[in-house]
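Worksheet: the structure to be examined is printed underneath.
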Amino acid sequence: MPLGGPYRVLMRFVRRTGRAVVLAVTGPFVALAGILALLTAGLFAPRPVVEALSDWQRRRYSVLAGEPLVAPVERHGVLRQQLFHWLAVPMSIVTFAATVGSWALSAAGFGWLSFGWSLRADPDGLLRYGSPVPMSVVPILSSLLLIVGFFAALRFTDLELAVARTLLQASRAERLSARVDRLTESRAETVDAADAERRRIERDLHDGAQQRLVSLAMNLGLARATLTEADPQAREALAAAHDEAKLALSELRDLVRGLHPAVLDDRGLDAALSGIAARSPVPVELTVELPADAADRPSRTIEAVAYFVVAEALSNVAKHAGATAVTVDVRHRGDRLRLWISDNGRGGADPARGTGLRGLAQRAGSVDGRLTVTSPIGGPTVIEVELPCE
């Protein structure tokens, strides 16, 4: 058991050295084959040819060096890959020469030690077989050259791998950019999925529980109107049940509207905002300018975000601002949907002090939007929102 740690370290070193040796020995042949393929395709080889050769080299380094390389994502990555293939030839030849050359000299030394007796005697030569000095020095040098060959393979293949990381794989900035793109797509899919789930819940409540409550309230109302000669206590209980059913129906309608208003899907953002403005206890001056062509309008997700931002903002005005008038301006400009909400209330709104404005900023940020609040003491409070429409 105590030898487990050193043994694992030794085995990792042996495996790494073996891979480096294979890279060093096969390098020139692979590099020359790549250059021949590039020259056959032309000096400026087409992108598919360069990428196929680069994938081949990346897989080779991944298998033999134990380190996966990520392909570049930018267009100029093709030029970088071509540069690598041209540099790979001299690099691999130097690696091959240093590794195999060391072993060749080592093999020559051990060969001389083994078969030097059969050579013609040279009593005045420097390496006279049987002489004490060469018989002592040659084995040491041959052993050192054998070891040097392995270390040359390790060091020179490390250099090749460093160049491959720089030219064959995506840079850190490219990898981060690609990751940001993937995260953005994933977040957009999550937002769309959440919006679709809200639509489903709204539809189920509207078509199921809400319809049953409507039927219950109608039946209770009918019974309340027809049973005029019933026991007073029974009529009182029936009236209370009827009122509770109507209250539950009203609360359920508000809940359904808060999940996802059906009018937003049926008639669009302008009609949905008109409904909010009509229900607001504070008078609202509403302006909505959207493209007439449905293909140019914002997506359903963006319109839902805009709807809930305006709804929450008007709710905050009614609860906290003490305003007597609100202006809501919604316009589609270029690839942006811009919302401008202003009230003549007391001001002093601070997103850091409450969850309402912070929730608006989070909802806008969920689709890469931006929300700014200007609210000096004494008013007015202005909320500006920009939502991307791409």
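Laboratory data are not the source of any read-out in this text; all were calculated from the coordinates shown. Nothing here was measured: the structure is a model prediction, and the numbers come from that model. Virtual Cβ from ideal backbone geometry, glycine too; neighbours counted across all protein chains shown.
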Note, D270: beta-carbon cut-off 15 Å, +1 each Lys/Arg, -1 each Asp/Glu, net -3
With every atom except the alpha carbons ignored, what do you get for Rg and Dmax of segment 281-344, in angstroms? 12.9, 40
Given H placed on each backbone N at 1.01 Å, which residues far from A170 in sequence or on other chains put an amide H within less than 5 Å of it? V70, A71
Counting only other residues whose beta carbon sits under 12 Å from that of M218, what net charge do I get with K and R as +1, D and E as -1? +3
When the label point is put 7 Å from the Cα of I35 along its Cα-to-beta-carbon vector, which residues of segment 74-114 have a backbone N closer than 13 Å? 83-95
Rank these for me by crowding, M11, M135, M91, going from fewest to most other beta carbons within 10 Å. M11, M135, M91
Quote the convex hull volume per residue of segment 267-388, based on C-alpha atoms, as a whole number of Å³. 88
Apply 1/(1 + (r/R0)^6) to the Cβ-Cβ distance of A241 and Q362, taking R0 = 56 Å, and write down the FRET efficiency to the nearest 0.05. 0.85
